[in-house]
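The values are calculated or read from the model by the stated rules, or taken from the named source; none is laboratory data. Since this is a predicted model, take the numbers as computed values, not measurements. Glycine also receives a Cβ, built like all others from the backbone with ideal geometry; neighbour counts cover every protein chain displayed.
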């Protein structure tokens, strides 16, 4: 369901960006990428002050997410070590898997924290637009894609070891 919603949100965002570019005389010249902040500004109708506030919030989010991702990596390594022993102890493997999953859930909590803080920066109309885009499942330009945490996505993986 989330993948479908994200796909629709992508389409809506790209349509918004395309319409904005048409009004401005077309897409950026080939080889040039649109500034993600400008794309986000256009998608939600942000003011310059809001863009600055969002940039600051995104830096905080990145720091917090990196710390959690580091813990996830450590827990995943502990799980892999426990399960790959010649004679794995089921209790140790289970405990490592539970610890990994609990840390992954913290990342989901970070996404919720970010979204809440992001909405606080917006007007009522902007929040409605944002919620419509989220409901449609599209990533917002400049916010790092579906997982909203950069290229890795930062999303919870399916089971220990990302399987």
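Here are a few things to note about the model shown:
- Positions within the range 118-139 being surrounded by fewer than 15 Cβ atoms within 10 Å (Cβ to Cβ) and part of a helix (DSSP H, G or I), in sequence order: 119, 120, 124, 125, 128, 131, 132, 135
- Tally of residues being farther than 30 Å from residue 117 by Cβ and either in contact with a helix residue (DSSP H, G or I) (Cβ under 7 Å, 6 or more places away or on another chain) or surrounded by fewer than 12 Cβ atoms within 10 Å (Cβ to Cβ) (or both) across the range 46-79: 2
- Qualifying residue in the range 80-88 (condition: in a helix (DSSP H, G or I) and surrounded by fewer than 12 Cβ atoms within 10 Å (Cβ to Cβ)): no
- Test: residue in the range 19-27 that is part of a helix (DSSP H, G or I) and modelled with pLDDT of 75 or more: no
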